[in-house]
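Take a look at the structure set out below.
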Amino acid sequence: MTSLTQIDGYQIDILVQGYPGKTVCHGGLGWSTIVLIRGRGRVALIDTGGFGVRKHLIEQLARHDLRPADVTDLLLTHAHHDHCISWVLFPKSRIVIGAYELAWAVMEPWGETPVPELYVRELTSWPTVHKATNGEEVMPAITAYIVGGHTPGHLIYVLKGSERDVIFTGDAAKNRAELLTGKADMTYDRAVTAASIATIWTHWRRRPGNIVVPGHDIPMVQTDGRTEYVVKREAAIKAWFGDDLEQTTTFELTVS
């Protein structure tokens, strides 16, 4: 749990710190960022993570004296399972997702993509879903913008403050490498992805001190033309290689 910043009545905390990785043998290792935004009478989350973080997410909310039922707004960047599938933890929340993104996701072939088909189908008619459009202010001072490439209707959320902005990129730019190169590991259209990352940079460069929160990395700022991480990376995997459950090995997932 990382306290990131306060901006114009909003307190921003990283509940789950995204990680930029894949395993050699099994395809998946990285996990997505989940952000808590509180203030102006709202309790909001950006993205929800996948199945594996549900217990951890509930515990992290409890550290802030919150329950899932206290979340008023859920802002989804896109419809891939590791970002949206746990919307069911917040059934009474106002659930924001791009209108174009949802229309695309529900038509994806079942079982062939990272879209969780049944969850998306249910979300299309959910009574509290809000289908956002490009440039819409979805919460006070928080605006959604379509930046395709990773998915066609992917949204970023920009919180505009009086002194600095925070740009929540989701997987439009998952990590530092994608931001710096303008290229993405996963994209439906390389040219669209490059344009989307350029759009993120436009928001980032708008003024000094702006913060980018990627979908699978830790927050960053620009300092004298250099991209610098704002917080320390904290990630590890615990494994059982011994003869009993008391013997574990911890692998620290940090940059040496």
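The table below lists the values:
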quantity	calculated
Computed FRET value (nearest 0.05) for residue 229 with residue 189, which takes r as the C-beta separation and R₀ as 22 Å	0.15
Solvent-accessible area of residue 216 with every protein chain in place, 1.4 Å probe, in Å² to the nearest 10	20
15 Å beta-carbon shell around residue 55, net charge (K/R +1, D/E -1)	+3
27 Å Cα-Cα threshold exceeded, pairs from 131/160; 55/232; 55/183; 55/160; 92/232	55/183; 55/160; 92/232
With all protein chains modelled, accessible area of residue 139 [1.4 Å, Å²]	0
Solvent-accessible heavy-atom area per residue, rounded to whole Å², over the stretch 158-255 at 1.4 Å	56
Area of residue 12 that stays accessible when all protein chains are in place (1.4 Å probe, Å², to 10)	0
Residue-averaged 222 nm ellipticity for the chain, from DSSP H runs of 4+ at -39500 (n - 2.57), nearest 500	-5500 deg cm²/dmol
Model label zone, residue 198; criterion: amide N under 12 Å from point 7 Å along Cα-to-beta-carbon; scope the stretch 77-120	none
Length-normalised contact order for the chain - Cα pairs under 8 Å, 6+ apart - percent	14
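The values are calculated or read from the model by the stated rules, or taken from the named source; none is laboratory data. None of these values were measured; they are calculated from a predicted model. Because the Cβ atoms are built from the backbone with ideal geometry, glycine has one as well, and the counts that use them run over all protein chains shown. Remember, those area values only see protein heavy atoms, side chains included, never the ligands or the DNA or RNA. Shrake-Rupley method; radii C 1.70, N 1.55, O 1.52, S 1.80 Å.
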